[in-house]
Each structure stands twice: as structure tokens, then as C-alpha cells.
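What follows is a set of notes on a single structure, which appears directly below.
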Amino acid sequence: MTDIPCSSHSGHSDHRSYSSSKSSQFPPEIVQPVIVVHGGGAGSISKERSERVRHGVTKAALLGYHILKDGGSAVDAVEGAVVALEDDPEFNAGHGSVLNEDGQIEMDASIMDGKSLNSGAVSSIKSIANPIKVARLVMEKTNHSFLTDRGATCFAKSMGIPIIPCEKLVTERNVKRLKKEKAEKSACMTEADKNTGTVGAVALDKHGNLAYATSTGGIINKMVGRVGDSPCVGSGGYADNDIGAVSTTGHGESIIKVNLARLAIFHLQQGKKPQEAADAALCYMKTRVKGLGGIIVVDKSGEWAARWTSVSMPWASAKDDKLQFGIVPGMVHITDIGKNKSPNPCI
Ligand SMILES: COC(=O)C[C@H](N)C(=O)O
């Protein structure tokens, strides 16, 4: 691997207590669960929309956190959080996915279990409300790790996943956005404005297991059949109990070039803290291929970070009964989760 030009940390791990060499076969008895979610690297988000986005990411983080607190696995938690975000039309995944050049929705998703390194992915899938559920089924019920298009849909159907009319996932906002994008021929929309709202989650469960899930409608006005980074393990995410878990967002073609998630994991493995690892990976993508994006990461000790080079990236985390969220640099809101088990943040 080449040197990272912007890296400011030498990467030695001896001073960090969580860098012990315990393998995944000997996870700690009980660890404090952690979940971090993102709602996609994006351009500027209006005040009115930020309220809805805040609600969406905090609700998803709380939902995932309660799964973990109740003894659910990291895979259960990231799937649950991503399903909530796919169901929320504010985000570019599931209901609310952006439209391709033909005005159709084609979605990509992937999930990974850090204990076994098993993963599952789907690409160019249509007529399914929750692609992440199909990705998990690919991981757990097939001998494969990636199904696409018609095969993925047939498999989903065979697993009892409802097939719905494609139009059900299309929102008026996305019809307007495609029209605008086509009319202006990209003149007014920056890359960051076009790539918005992909969703993802990373989690550490009570037994020290890590997982990630990422789901997206891709980029507006994309070619029919275009597959981005989100379903590609190593680009859209990665999870390894011995190191950490990462979910990414941003310009897919750039993310694929640098294998952004695996690059962040590499830095963690070399002893960097989550924030340093995320920054080093994002910095490399920015300087090497001029790509912008965002990363959420949790390491095996439960230390986490949410970092981005796009203008904004809605994120939320839950750990030690504290809920945190932010959208733009410097903005961090912290509240107590308390004893109320309802996944409604009401903050
Ligand atoms: C924020 O937008 C995205 O993350 C888009 C996604 N990475 C893709 O290229 O498909």
C-alpha cells in the first residue's frame, strides 16, 4: 500500500489499550454496545430538511441501539437501522431512492458480519422495499456473496420478500430532481448535490461482534445498469471483529478506485484511531482521485467516528446511553437516551 500524503499520525498502536491482539475467537465477555449510522454525504441541507434528516438518523440509531441492548447481534442492529432509513423517503435508499436516466429506481446494498467475514450484496434491484434484507439473505441463505438485478429479485421472492410496484418507491422530490438534472445538464448540481442520502450503519454488539450495512439508490441520472460502491465489499463497507467496521458514502466511482472502506480498516489495523483512520482514507481519496465522501467507523474497542469531506453528512450514534447526532462540521448534539425504550428520540 502506498503512503498516505495527508496522514498526520505515525500509526503505532502500543499506547492504545484496545489494540490488544485478542482474536475474534476470544471476544470479551460483555462490551458496551455501539451503533453509528449515516444518511449520506451531501451538499448543503436546508433548515427545513435538516429537521427531517435529524429525525431519520436519530430514530435509526436508537432502533439499532435498542436491538443491541436487548442482546441482538451487530448484524441485526445494522440491518434494523438501515431498514428504518430505507423506509424513510428523506434518504436515497429504498423508498426515496434517486432515479436513473430512464426515470427508474435501481438499488444497491451490502452487509457484512465481522465474526465470519461473510457478506451479502445485491445490485440493480427493483421492486423491493428493503434491499438490505435481501443482501442479508444472500449472506445467510446462499453459497454466494453477490446477486444482481433479476436474479436478486427472483431470490428475494423465493425467500418470501414482497415484490412491490416500482412506483411505490418513487417520490415526487426525486421526479423533480431528475427533471432538473436533465434540464440543467449538471450545470447547477455539484457532485455532492447529486450524490445524496445513501444510508449506512456500523455496530459493535455485547459479545464484541462487528458488522456494517450500506444501502443506496446510487446517483441521480445514472446510466441504466450502473452499479456503485455501496454493494462492493471493501468499497461500500467492511467489518472484521479483529479490527473494526466501516460504512462509506460519496462518489461511488472514486470510492471504488481507492477501496475506501478497506483503506480505512487498513489504517485502523496499523494502529490509527477511528477518526485518524477515517480522515487518512478520505484524504487519500480526495488528493489521489479528487473524490469526496464520508465514513462512519467503529473499532473493536467501541471507539467510533463520523467524518466526511463533502459539505455535510447526517450521522447519529448511540453508546453508553447517550445519543449524538450532527450534520455539518462542528455540530454535535448530545442527549441522554434514558430508560424509555421507545425508538422515538423526541429531542
Ligand atoms: C451519497 O451518495 C452516495 O453515497 C452514492 C453512492 N456512493 C453511489 O455512488 O452509488
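The values are calculated or read from the model by the stated rules, or taken from the named source; none is laboratory data. As the structure is a prediction and not an experimental result, all values here were calculated from the model. Neighbour counts run over all protein chains shown; Cβ positions are idealised from the backbone, glycine included. Keep in mind that these areas ignore ligands, DNA and RNA; they rest on the heavy atoms of the full protein, side chains included. Shrake-Rupley method; radii C 1.70, N 1.55, O 1.52, S 1.80 Å.
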| Most mobile listed residue (135, 203, 152) in the chain, GNM with C-alpha springs under 10 Å | 152
| message | Using helices alone, I'd like the mean residue ellipticity at 222 nm for the chain: each DSSP H run of four-plus residues gives -39500 (n - 2.57), total over residue count, nearest 500. | response | -9500 deg cm²/dmol
| Relative contact order of region 94-238, pairs being alpha-carbon contacts under 8 Å that are 6 or more residues apart, as % | 36
| request: Rounded, prolate or oblate: pick one for the chain, where a ≥ b ≥ c are the square roots of the eigenvalues of its C-alpha gyration tensor, a/c under 1.5 means rounded, and failing that, prolate if a/b is larger than b/c, else oblate. | output: rounded
| Among 298, 170, 57, whose mean-square fluctuation peaks in a Gaussian network model of the chain (Cα, cutoff 10 Å)? | 170
| task | Work out the charge dipole of the chain with +1 on the Cβ of Lys and Arg and -1 on the Cβ of Asp and Glu about the Cα centre, then indicate which of 174, 335, 107 is farthest towards its positive end. | result | 174
| query | With the contact rule set at Cα under 8 Å and sequence spacing of 6 or more, what percent relative contact order holds for the chain? | reply | 25
| query | Between region 155-185 and region 108-140, how many Å separate their Cα centres? | reply | 19
| Per residue, how many Å² of accessible area does the chain show with a 1.4 Å probe? | 42
| message | At 1.4 Å probe size, with the rest of the protein present, what percent of the exposed accessible area of the chain is carbon and sulfur atoms? | response | 52
| said: Compute the distance from the alpha-carbon center of region 34-72 to that of region 261-328, in whole Å. | reply: 15
| remark: XL table 179/257; 180/290; 222/300; 47/133; Cα-Cα > 27 Å flagged, in table order, is 179/257; 222/300; 47/133
| To the nearest 20 debye, what charge dipole does the chain have about its Cα centre, counting +1 at the Cβ of each Lys and Arg and -1 at the Cβ of each Asp and Glu? | 460
